[in-house]
Amino acid sequence: MSKTSLQPPRGTRDFYPDDYRQREWLFGHFRRVAHRFAFEEVDAPMVEHAELFTRKAGEEIVDQLYHFELHDRHLALRPEMTPSIARMVIARAGGLRMPLRWFTITQNWRYERMTRGRKREHFQWNMDIWGEPGVAAEAELVGALFEALDALGLARGDARLRVNSRALLEESLRRSVLRQRPEVFEPLCVVIDKIDKIGAEAVVELLVDPTGPVRLESAQARDVVDMLRITSLDDAARHLPDDSPALADLRRFFELLEAYDVRDRVVFDASVVRGLAYYTGIVFEAFDSAGTLRSICGGGRYDRLAQTLGARPIPAVGFGFGDMVIAELLSDKGLLPDLPRVVDDVLFPFGEAERPSAIRLARRLRERDHRVEIVLGNAKLKRVMADADRLGAARIWLLGPDEVSRGVAKVRDLASGEESEETL
Ligand code: HAM
């Protein structure tokens, strides 16, 4: 038999205790911010019916699916949480109080080409609001994500949010391309999302490709790409009717961000469309200001996803915030803490005769929530002392035959070296 590989599959991650403590530290911040915004935590299975994820707009995420057949079922590991949230909301839509605010912290799987901050397994904090069509929901979410960046210790200028609205693009194309073929909007967005990666010329080529899903005329494709260069709302307004609802929404959204005191950290950028097909309105992505990393988090409004899954329309908006890019950024800034293991008490029974007394003492201390380690085998005092020191334990309790017969234990405070006797 060949030797089992000790490496996990490429792109997946082991979490040894040091890594796990950091992960819990990060998730603790996510959870606290979500609670401050009165979001409730939910969860769903990591394995879903593959059809929940297999949309047909040409998204990368669909090609990256980990999927398999089992007992005639086509199943997939979730690449993202949004479709599962949608499934859960739709299943109980009649009985849920809207707008609902849900958050999740889940492990997701994508067979990605790996780069810094991108692996095949990642965790994502999601915050989603369902049942609210107005931009107050978008603003609340953006308020929350900046609160998380602040709580993690980043300075105000360390990260920026780039914002656009797909509705803006849709409105400006409604009189041309979309009049005859509204169905090209989703694949069009998926193609133009690639602009940062492949460049404007390659995007034009994909948009006009006669075998592709969009099939624009060359002039139309160039107009679309030109529009992506717009970086101010006033310039965007020139492509739109005066009463454009998408423009009014964006303006109101930016106004609300003033009240969250984050307006200066947000820029309008028409090239942000996001790579997932389901977005319909405002979309946003946060980046490190130095521009060296991929997106820290991203989200937007997806009012038609419920319909795509066969339900009545329900407005929805949310974001996903991964654990990896933020860890890279925090590490670059020296903000990722080295968290030591915490042990309060080490209990050392000198022999097996003293062990029952040590166990009873441990039970009392553990009732008070102390973290207690009983030395389990036979060991030498010197070795136990050195080990407790290395562990960073606060105290060591020595239970020798003499002490136990007198109903006491010797306690040493490992920081000060002070010793006292305590009754068992
Ligand atoms: P997404 O942009 O695909 O959106 O992912 C959101 C975030 O998850 C990214 O900004 C990044 O931090 C992290 N992420 C994604 N893929 C990877 C990877 N392979 N390795 C490490 N981190 C990764 C979504 O998933 C949407 N479902 C978000 C959403 C929620 N929209 C509405 N509600």
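Observations, loosely collected:
- Of note, TYR111 does not satisfy the criterion of being without any contact (Cβ under 8 Å) to a residue 60 or more places away in the chain and either more than 12 Å from the ligand (Cβ to nearest atom) or closer than 30 Å to LEU336 by Cβ (or both).
- Lone unmet requirement of (1) within 17 Å of SER172 (Cα to Cα); (2) in contact with a Leu (Cβ under 7 Å, 6 or more places away or on another chain) for VAL208: (1)
- Of all the listed residues (ARG116, ARG31), the sole one being open to solvent by 60 Å² or more (accessible area, probe 1.4 Å) and at pLDDT below 95 is ARG116.
- Filter pass, LEU276 being touching a residue at least 40 places away in the same chain (Cβ under 8 Å), away from the ligand (no atom under 15 Å from the Cβ) and either open to solvent by 20 Å² or more (accessible area, probe 1.4 Å) or outside any strand (DSSP E or B) (or both): no
- Out of LEU256, LEU216, sole residue that is modelled with pLDDT of 95 or more, among the aliphatic types (A, V, I, L, M) and buried (at least 16 other Cβ atoms within 10 Å of the Cβ): LEU256
- Looking only at residues in the stretch 303-322 that are open to solvent by less than 60 Å² (accessible area, probe 1.4 Å) and touching a helix residue (DSSP H, G or I) at 6+ places or on another chain (Cβ under 6 Å), the one that is farthest from the ligand (Cβ to nearest atom) is ALA311.
- The listed residue being surrounded by fewer than 16 Cβ atoms within 10 Å (Cβ to Cβ) and not polar (S, T, N, Q), out of PHE103, PHE68: PHE68
- If you go through the stretch 125-174 and keep only what is in a strand (DSSP E or B) and open to solvent by less than 20 Å² (accessible area, probe 1.4 Å), you end up with TRP125, ASN126, MET127, ASP128, ILE129, TRP130, ALA159, LEU161, VAL163, ASN164, SER165.
- Verdict on SER218 being hydroxyl-bearing (Ser, Thr, Tyr) and either under 30 Å from ASP332 (Cβ atoms) or touching a residue at least 40 places away in the same chain (Cβ under 8 Å) (or both): no
- Among the residues of the stretch 49-65, those identified as in contact with a strand residue (DSSP E or B) (Cβ under 6 Å, 6 or more places away or on another chain) and buried (at least 18 other Cβ atoms within 10 Å of the Cβ) are ALA50, PHE53.
- Any hit, the stretch 199-211, residues being in a loop (DSSP other than H, G, I, E, B) and surrounded by 19 or more Cβ atoms within 10 Å (Cβ to Cβ): no
- Wholly within the stretch 306-382, strands (runs of 3 or more DSSP E) carrying at least 1 residues that are closer than 30 Å to TYR278 by Cβ and of a type outside the set (Asp, Glu): 316-322
- Residue within the stretch 328-349 that is free of Cβ contacts under 8 Å to residues at least 40 places away in the same chain, more than 16 Å from the ligand (Cβ to nearest atom) and of a type in the set (A, V, I, L, M) present: no
The values are calculated or read from the model by the stated rules, or taken from the named source; none is laboratory data. On a predicted model such as this, the values are computed, not experimentally measured, just so you know. When we count neighbours, we look across all protein chains shown, and the Cβ atoms used for this are built from the backbone with ideal geometry, even at glycine. Note: areas computed on protein heavy atoms with side chains; ligands, DNA, RNA excluded. Shrake-Rupley method; radii C 1.70, N 1.55, O 1.52, S 1.80 Å.
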